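None of the figures in this text is laboratory data; all of them are computed from the coordinates on show. Note that the coordinates shown come from a computational prediction; the quantities given were computed from them, not determined experimentally. Backbone-built Cβ (ideal geometry, glycine too); neighbour counts: all protein chains shown.
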Amino acid sequence: MICYRGLVVDIICRLWDRGLYRDNKWLKLCHEYWFDYWVNYRAAQTMADVDRQIEQMSEDPEIESPVYWEQEQGETPLGGPIGFSYEFNKDNNT
């Protein structure tokens with residue numbers, strides 16, 4: 001949803017940055033009364049840009065399944081040790 005008041009203030013600021021219409025009474029009044037809308041407008045634009053950058057940066061991690069191992073014959077009444085092994089610090093560069 002576009003905030004037209006904020007957009008108008010943004011256009012006024014761009015005109016003033018170029019030195020145009022600096023003494024216009026109506027533009028000064030619009031800028032003064034709608035400045036809060038401009039702040040919300042710019043904050044929404046900035047957060048939308050941040051959200052797009054986060055989506056580009058984050059990738060779904062590839063998680064390998066742990067390896068199940070067991071020893072069927074052994075000294076314990078359950079038939080030996082049972083467990084999982086998993087490499088938490090796997091370095092793909094080596």
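Some points to look at:
- For the range 1-60, the list of GluC sites (Glu not before Pro) that fall in a loop by DSSP and count at most 13 other C-beta atoms within 10 angstrom reads Glu59.
- q = 0.27 Å⁻¹, the range 1-42: log10 I(q)/I(0) [Debye, one scatterer per Cα]: -0.88
- On full extension, the segment bounded by Ala48 and Tyr4 gains 14.1 nm, given 0.36 nm per residue less the C-alpha separation.
- Among the trypsin sites (Lys or Arg not before Pro) in the range 6-60, those located in a DSSP loop and surrounded by at most 13 other Cβ atoms within 10 Å of their own Cβ are Arg18, Arg22.
- Label-point separation, Asp17 to Met57 (7 Å along Cα→Cβ), nm: 2.4 nm
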